[in-house]
Amino acid sequence: MASLPADVEQRYRRLAARRGWSAETETAFRAAVTWYRTLDETPGPRSCFEYVDDGLADPGARCLWETVTADHETVAVKQIDISSTGTAHRYWWQNLDDDSGTLTDQPLGLDQPGLTRIPDSAFYALWHTIRDPAASPEE
């Protein structure tokens, strides 16, 4: 397994300790991180999508994804969650999971009502405005 950058390694060690993960859970989590990292770092076509909550969980909340195709499925490698109050979080292999949410582990259903393809530039413009949670010492 490829080593993680020191800041990411430290963040995941703190996360595992805080949550009291067993060795098996930590191993499975690291395998998921490695899988998402490989997908994210592999060159290839990307697509970006947005979903706006129509009132089921958090009316007005938005989820945005950068996706790749893996095993004939549309898999998110980056995700932005924006609550209806405007609080934003981003998830990818360097921040797969935190106390606010997680990168989806389910393929996107491209026929899902409310899912819209968006320009990559719109996704990345927003992605770069969100503070990196791994930089936070309390994480």
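Of all residue pairs spaced 6 or more apart or on separate chains, those with beta-carbon atoms under 9 Å, a first member in the stretch 81-107 that is within 16 Å of Asp53 (Cα to Cα) and without any contact (Cβ under 8 Å) to a residue 24 or more places away in the chain and a second member that is open to solvent by 20 Å² or more (accessible area, probe 1.4 Å) and polar (S, T, N, Q) are Asp81/Thr87; Asp81/Ser100; Thr87/Ser100. Within the stretch 24-50, if we keep just the residues that are closer than 19 Å to His128 by Cα and either of a type in the set (Phe, Trp, Tyr) or more than 12 Å from the chain's Cα centre (by Cα) (or both), the residue that is least open to solvent (accessible area, probe 1.4 Å) turns out to be Cys48.
Let me confirm something: among Asp53, Asp120, Asp97, Asp132, which residue is more than 17 Å from Arg11 (Cβ to Cβ) and modelled with pLDDT under 95? Before you say what the answer is, go through the steps one by one.
Details: Asp120 fails: modelled with pLDDT under 95; Asp97 fails: more than 17 Å from Arg11 (Cβ to Cβ); Asp132 fails: more than 17 Å from Arg11 (Cβ to Cβ).
Just one listed residue meets the conditions, Asp53.
Based on what the data block shows, is Leu126 within 17 Å of the chain's Cα centre (by Cα) and either open to solvent by 30 Å² or more (accessible area, probe 1.4 Å) or modelled with pLDDT under 90 (or both)? Yes, satisfied.
Within the stretch 61-71, can one find any residue that is outside any strand (DSSP E or B), of a type in the set (Gly, Ala, Ser), modelled with pLDDT under 95 and open to solvent by 30 Å² or more (accessible area, probe 1.4 Å)? Show your work before the answer.
Taking the stretch 61-71 first, the residues outside any strand (DSSP E or B) are 61, 71.
Cutting the leftovers down to of a type in the set (Gly, Ala, Ser) gives us 61.
Among the residues that remain, those that are also modelled with pLDDT under 95 are: 61.
If we keep only those that are open to solvent by 30 Å² or more (accessible area, probe 1.4 Å) as well, we get none.
No, the stretch 61-71 has no match at all.
For Glu50, the criteria (1) touching an Asp or Glu at 6+ places or on another chain (Cβ under 6 Å); (2) in a strand (DSSP E or B) hold in every case but one, which is (1). In this entry, Arg90 is excluded by the filter for residues that are open to solvent by 20 Å² or more (accessible area, probe 1.4 Å), part of a helix (DSSP H, G or I) and closer than 17 Å to Val8 by Cα.
Is it the case that Ala16 is among the aliphatic types (A, V, I, L, M) and under 18 Å from Gly101 (Cα atoms)? Criteria met by Ala16. When Ala76 is tested against (1) farther than 17 Å from Val33 by Cα; (2) modelled with pLDDT of 90 or more, just one condition goes unmet, and that condition is (1).
What is the residue count in the stretch 1-15 for residues that are surrounded by fewer than 16 Cβ atoms within 10 Å (Cβ to Cβ) and assigned to a loop (DSSP other than H, G, I, E, B)? Write out each step before concluding.
Applying the first criterion (surrounded by fewer than 16 Cβ atoms within 10 Å (Cβ to Cβ)) to the stretch 1-15 yields 1-3, 5-7, 9-10, 13-14.
If we keep only those that are assigned to a loop (DSSP other than H, G, I, E, B) as well, we get 1-3, 5.
Matching residues across the stretch 1-15 total 4.
Evaluate the following for Thr85: is it of a type in the set (Val, Ile, Thr), within 18 Å of Thr129 (Cβ to Cβ) and open to solvent by 30 Å² or more (accessible area, probe 1.4 Å)? So Thr85 passes the test.
For Arg18, state whether it is under 19 Å from the mean Cα position of the chain (by Cα) and either among the aromatic types (Phe, Trp, Tyr) or in a helix (DSSP H, G or I) (or both).
Working: under 19 Å from the mean Cα position of the chain (by Cα): no; either among the aromatic types (Phe, Trp, Tyr) or in a helix (DSSP H, G or I) (or both): yes.
Considered against the rule, which asks whether it is under 19 Å from the mean Cα position of the chain (by Cα) and either among the aromatic types (Phe, Trp, Tyr) or in a helix (DSSP H, G or I) (or both), Arg18 comes out as no.
The values are calculated or read from the model by the stated rules, or taken from the named source; none is laboratory data. The structure displayed is predicted, hence computed values, not measured ones. No Cβ is skipped: glycine too gets one built from the backbone with ideal geometry, and neighbour counts run over all protein chains shown. Accessible surface areas use protein heavy atoms only, side chains included; no ligands, DNA or RNA. Shrake-Rupley method; radii C 1.70, N 1.55, O 1.52, S 1.80 Å.
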